[in-house]
Every structure is written in C-alpha cells, then in structure tokens.
Amino acid sequence: ALLKADPDLIIHLAAESHVDRSIENSKPFIDSNILGTFNILEVARNHWNNLKDSRKELFRFIHVSTDEVFGTLGKEGLFSEKTPFDPRSPYSASKAASDHLVSAWFHTYNFPVIRTNCSNNFGPYQFPEKLIPLVILKALDGLSIPIYGKGDNIRDWLYVEDHIDALISIIEKGTIGKNYCIGGNNEKSNLEIARTICLMLDKKLPRKEPYKNQIKFVVDRPGHDKRYAIDSKLIQKELGWRPNNTFNSAINK
C-alpha cells in the first residue's frame, strides 16, 4: 500500500495509546508501538532508497510520540528535548522504544526522520476512553464520573488543531534528525478538568442537580504519573509555532 501511494512524506501517528489498557494487557502495545514502528520504518526506508535523488532530498518521516516517555515531574520543572527517558507504564515504555528505533534509523541509515513528543491532546471526536470525552459522556448519561485518586494528577493539554499546526510547521521547516517537544501551556489537574466540564454543562444543558454531583473518586491506577508539562521553547524559537488556543477557548469548541 505504501509503495502504491508513492509518498514524499509519512507522518507516523498510529499507536496504542491508553495507559489503562496497557496495564491490563501490554502485548498489543508491544506489537503496535514497537513492531509496528519497526515495520513502517523498514518499508519507508526501502521506498526512500528507491526514490530519485531530487525526491530523496525532500522526503520526510515524522514520528509523533508522547511526553509520557519522560516519566513524571514534581511540582516544578518541565520536559524538554534534553529530558532523559524514564517511562513508567507499558504504554510509555513501548512509545519510548519506538522513539529509540526512529532515532537509530536516522543515525544508522541517515533516514530523514523528525521526532516529536507532545502533551495530552483533546478535541472533537476523540475516542471516548480518553478523559475529556469520558467525562462529557458520563455526565450526559447521568452516570458516575470516575476520577482516579484525589484527582490531583496534572497534565498539559494541547488542542488538536494546535498540534496539527505544529506538525505542519515541522514538515515545512523542521530540521532532519531533531526532536521537537510540543506543549499546550495548559496545565490542569484531572479534577479541575472534570469540574470545568460540569460547570459548562450546567450552563448548556441545565438539570435539577449540578453535574459535579456525579463526580466519584475511584482507586488510583498503578504507577500513575503525577505531573506532565512541556517546555516548547525550541519549536517556538526555531519554527515560530505557538498554541493559538487556551484551554477554556478550546474546551468550548
């Protein structure tokens, strides 16, 4: 299929990406994120090797990864391109392995890759296992809204359109062999996310009881990383990208 498409650009976004499912059964994450990445690297490299020199110079392989490969942060600090990998879940370990494969294909074969590590994405039509669509759907269905532990785990939220803009900038101006960290500058705790959504629903679809009454705290998941936050200075300085959406403007969309 790849050879038939004859591409000049490949953006590798495919991944198993849900931490909870990786804890329950890690094998699909190993198969998809590690072996899948190896397979597409090899097919893409073979395609690249057979291109004419003029097309070969233009070809790019963009590998999209996650900030979870860096592990967890305390109350202060930010992840950057220089942060050592320290994955804490089967999911993040499999993504870290895929990042290492992509880096190795660049150094060993001179394959023209660019890697990215982004913070938590959100936006319309997101798969309902993820936090934000899960909270919305549980609230609308009148069901309990489950929040792990005390709800004080913090993530940096990146609106999907801002992520797309960052990837376009990287395709057009990014340096081969580099890694770019992409963050939304929107640090929020899980409980803050749930409460914000509930308040919005109170205004949009009011009921007798406030939606926040459906929030229920549940037993925390194993190895739950405390905080993620990204320093996006490199992509802002080199490529001129920055997020256009605040969390509040994006969650309204």
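Scan the range 1-45 residue by residue and report those that are without any contact (Cβ under 8 Å) to a residue 40 or more places away in the chain and among the acidic types (Asp, Glu).
Glu24, Asp31, Glu42
Please work out which residue is nearest to Val19 (Cα to Cα), limiting yourself to the range 223-253 and to residues that are open to solvent by 90 Å² or more (accessible area, probe 1.4 Å) and part of a loop (DSSP other than H, G, I, E, B).
Lys226
Show the residue pairs that are 6+ apart or on different chains and have beta-carbon atoms under 9 Å apart, the first residue being within the range 193-205 and over 23 Å from Arg155 (Cβ atoms), the second being surrounded by fewer than 19 Cβ atoms within 10 Å (Cβ to Cβ) and modelled with pLDDT of 95 or more.
Asp202/Pro210; Asp202/Lys212; Leu205/Leu140
I need every pair where a residue in the range 223-246 that is without any contact (Cβ under 8 Å) to a residue 12 or more places away in the chain has its Cβ under 7 Å from the Cβ of a residue that is outside any helix (DSSP H, G or I), sequence separation at least 6 or different chains.
Correct list of pairs: Gln236/Arg242.
Return the residues of the range 173-207 that are crowded, with 22+ Cβ neighbours inside 10 Å and in a strand (DSSP E or B); say none if nothing qualifies.
Selection gives Tyr180, Cys181, Ile182.
Take the residues of the range 17-27 that are open to solvent by 50 Å² or more (accessible area, probe 1.4 Å) and in a helix (DSSP H, G or I): which is farthest from Ile171 (Cα to Cα)?
Glu24
Consider Ile215 against the criteria (1) touching a strand residue (DSSP E or B) at 6+ places or on another chain (Cβ under 6 Å); (2) open to solvent by less than 20 Å² (accessible area, probe 1.4 Å): it satisfies all of them except one. Which criterion is unmet?
So the condition that Ile215 fails would be (2).
May I ask you to say which residue of Ile136, Ile170, Ile132 is touching a residue at least 12 places away in the same chain (Cβ under 8 Å), in a helix (DSSP H, G or I) and open to solvent by 40 Å² or more (accessible area, probe 1.4 Å)?
Ile136
Can Val69 be described as part of a helix (DSSP H, G or I), within 27 Å of Ile168 (Cβ to Cβ), in contact with a Leu (Cβ under 9 Å, 6 or more places away or on another chain) and modelled with pLDDT of 95 or more?
The answer is no for Val69.
Is it the case that some residue within the range 3-16 is at pLDDT below 95 and over 25 Å from Glu172 (Cα atoms)?
For the range 3-16, residues at pLDDT below 95 and over 25 Å from Glu172 (Cα atoms): present.
The values are calculated or read from the model by the stated rules, or taken from the named source; none is laboratory data. Since the structure is predicted, the reported quantities are computational estimates derived from the model, not experimental observations. Here the Cβ is made from the backbone with ideal geometry for all residues, glycine too, and neighbour counts use every protein chain on show. Note: areas computed on protein heavy atoms with side chains; ligands, DNA, RNA excluded. Shrake-Rupley method; radii C 1.70, N 1.55, O 1.52, S 1.80 Å.
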